[in-house]
Amino acid sequence: MPGRPKPLLMVDIDGVVSLFGFSGRPPTDGAFHSIDGMPHFLSRTAAAHLLALSADFDLVWASGWEEKANEHLPHLLGLPAPLPYLRFSRSPARADSHWKLESIDAYAGRRPLAWIDDDLNPACQEWAEARAAPTLLVSTAPACGLMSREAQLLVAWAAELQAG
């Protein structure tokens with residue numbers, strides 16, 4: 001995007017890149033990896049979409065994995081390393097909030113951002129609507145993660161921002 005910074009893309013991991021909750025056999029587009037002794041099914045489809053989205057967005061890990069994301073995921077997913085990551089307080093300032101909002105808001109400041117997560121709640125929507133900067137929330141199903149539908153939505157939104 002000439003003349004202006006790219007919007008941020010806040011990327012959750014579990015339910016976006018690391019899939020769970022699928023019934024029966026896992027999807028065919030990924031593989032299990034042991035990460036800190038825990039099995040994670042990492043989606044190649046999600047990885048490919050994130051790599052493509054990095055042309056339109058500045059990617060930021062917005063996951064409870066925090067710094068662990070860069071220790072494990074870039075080489076497993078074929079992503080550029082390292083990506084910025086957020087640290088979170090596990091106790092939101094308000095009980096009716098979302099545990100990630102305070103850190104995402106502080107990091108983003110006035111920059112436009114999209115946030116992809118499998119656990120967005122009504123507080124996230126209220127926050128997004130109240131932000132002065134353009135904000136897009138994209139929800140995923142944890143058994144599917146980031147698929148073409150969500151990626152196309154994000155690309156179209158970034159193009160709208162660029163067009164002004």
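Nothing in this text is a laboratory measurement; each read-out follows from the coordinates by a stated rule. Just so we're clear, the structure is a prediction, and the values are computed from it rather than from any experiment.
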* Structure fact -> Per residue, the convex hull enclosing the Cα atoms of the stretch 8-59 spans a volume in Å³ of 79 Å³
* In whole Hz, with x marking every Gly and Pro, tabulate ³J(HN,Hα) for the stretch 82-87 from phi via Karplus 6.51 cos²θ - 1.76 cosθ + 1.60, θ = phi - 60°. => x, 9, x, 9, 9, 9
* Asked: Using alpha carbon centroids, what distance separates the stretch 131-159 and the stretch 31-54, in Å?
  -> 17 Å
* **Highest-MSF residue in the chain out of Gly64, Gly21, Gly30 [GNM, Cα springs under 10 Å]** => Gly21
* Amide H within-cut-off set for Leu59, under 5 Å, with H built and near neighbours excluded -> Leu9
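Would you mind estimating how fast the stretch 15-164 diffuses translationally, via Stokes-Einstein at 25 °C and 0.890 mPa s with the Kirkwood radius over Cα pairs, in µm²/s? Working shown, then result.
Details: Rh = 16.2 Å.
Value of D from the Cα-based Kirkwood radius: 151 µm²/s.
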